[in-house]
Structure formats: structure tokens, C-alpha cells
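Below is one structure, written out as C-alpha cells, with a few remarks after it.
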Amino acid sequence: MKTLKPEPLTQEAFAPYGEVIEAANAREVRTINHGNTRRFHDLAGVEVGEGRALVSIFRSTPLPRPIPLKVMEVHPLGSQAFIPLSGRPYLVVVAGPGEFQVKNLRVFLAGPQQGVNYHQGCWHHYSLALDEVSDFLVIDRDGPGDNCLEVFLDEEIVIDY
């Protein structure tokens, strides 16, 4: 059995897989709405190709610990952003673009104020809520073509958190 340990989610560590969506990573901060709002501008590049952007809410139920990893997915035609709505930390599992390889798996602990935007073609696990059912605002692609491919893992891999 292979055991993975989460590491902190930072923009630098996550850059090969996508963007961390949080105010601290804004390329620009604008004051709008007559000075009553600060806009943390351009936090992630949403890729939809020939499709259209969808905005959804995913409600995720925590898995028992240690958390088993059984499947990874990739979206070859667009990016996929997850923004937590429940004020709880969660886990992010990635393996990068290209052919899926178990040796490339990394696990990040995302804080309750951190979203992620997976790059188009980046292998990742579905959202992993911790401790309680959690909601995520999800922005991804709808359109022609198969934009969700899965690979089932042959070996037993768990996250010890």
C-alpha cells in the first residue's frame, strides 16, 4: 500500500497543475462600486474551447480515513475550477498533464478560503471534503466532445491525514 501525505496548497507548488484561487494571488486589485468593493482581478484562466462555461454547485461527502484513492479524472477540453463555499479545508489530489502515472501523484491541503482551477488536461481526483459534507462552486466546460476521462488505480493508495 502506498500512503500519501498532504502538503500545504501554495501558488508556487500548484503552478504545474493550475491556479490557486485566493485574494492573495490577484494580478490586480481594483476598487469598484463607488469605493465599497475591492475586486481581486483575474485569479484564474477558465478554458472552455468550443463549449460554454457552466457554473454549478457540487456537494461532496467526506470519505472514511485513511482516504482511499481509486480513480483519477482529466478534462481534455477545458479547465475546471472549484471554490469552497462551506468554510472548511479540503484535499486536492493531482498528477499533472500527459499520461497518468501514479508516481506523479501529489496531495495538497487547501484552506477554506482557497479555490483551485485545474488546467485543461491536468489529472486530478474529484473533490475531497474533510470531516463534513461541503459545497463547492464549480466552473467548467459544457459542449461537444468527451470532457471527462477516468482512470481506475490498480494499486492501493491512501491519503493519511
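The residue of segment 116-136 that is surrounded by the most Cβ atoms within 10 Å (Cβ to Cβ), among those that are of a type in the set (G, A, S) and part of a loop (DSSP other than H, G, I, E, B), is S127. Of the strands (runs of 3 or more DSSP E) lying entirely inside segment 1-113, those containing at least 3 residues that are within 20 Å of L153 (Cβ to Cβ) span 2-4, 67-74, 90-96, 106-110.
The selection criterion, being among the charged types (D, E, K, R) and farther than 18 Å from S127 by Cα, holds for K103.
What are the residues in segment 9-49 that are polar (S, T, N, Q) and either closer than 16 Å to G96 by Cα or more than 19 Å from the chain's Cα centre (by Cα) (or both), if any? T10, Q11, T31, N33, N36, T37 - these are the residues of segment 9-49 that are polar (S, T, N, Q) and either closer than 16 Å to G96 by Cα or more than 19 Å from the chain's Cα centre (by Cα) (or both).
On inspection, I139 passes the criterion of being crowded, with 18+ Cβ neighbours inside 10 Å, aliphatic (A, V, I, L, M) and more than 19 Å from T10 (Cβ to Cβ). Restricting S56, S79, S86, S60 to those that are in contact (Cβ under 8 Å) with a residue 24 or more places away in the chain, touching an Asp or Glu at 6+ places or on another chain (Cβ under 9 Å) and closer than 16 Å to G18 by Cα reduces the list to S79. Just to be sure before I move on: is E73 under 23 Å from E150 (Cβ atoms) and either modelled with pLDDT of 95 or more or touching a Cys at 6+ places or on another chain (Cβ under 9 Å) (or both) in the structure I sent? Criteria met by E73.
Of all the listed residues (E99, E7), the sole one being exposed (fewer than 12 other Cβ atoms within 10 Å of the Cβ) and either closer than 16 Å to Y161 by Cα or free of Cβ contacts under 8 Å to residues at least 40 places away in the same chain (or both) is E99. Scanning segment 17-49 for residues that are within 27 Å of V74 (Cβ to Cβ) and in contact with a Lys or Arg (Cβ under 9 Å, 6 or more places away or on another chain) gives Y17, D42, L43, V46, E47, V48, G49. Of all the residues in segment 120-161, those that are in contact with a Ser or Thr (Cβ under 6 Å, 6 or more places away or on another chain), closer than 25 Å to P64 by Cα and at pLDDT 95 or above number 7. Hey, could you check segment 36-76 for residues that are within 20 Å of R106 (Cβ to Cβ) and among the charged types (D, E, K, R) and say which is surrounded by the most Cβ atoms within 10 Å (Cβ to Cβ)? It comes out as E73.
The values are calculated or read from the model by the stated rules, or taken from the named source; none is laboratory data. What you are looking at is a predicted structure, and each value in this text was computed from that prediction instead of being measured. Every residue, glycine as well, gets a Cβ built from its backbone with ideal geometry; the counts of neighbours run over all protein chains shown.
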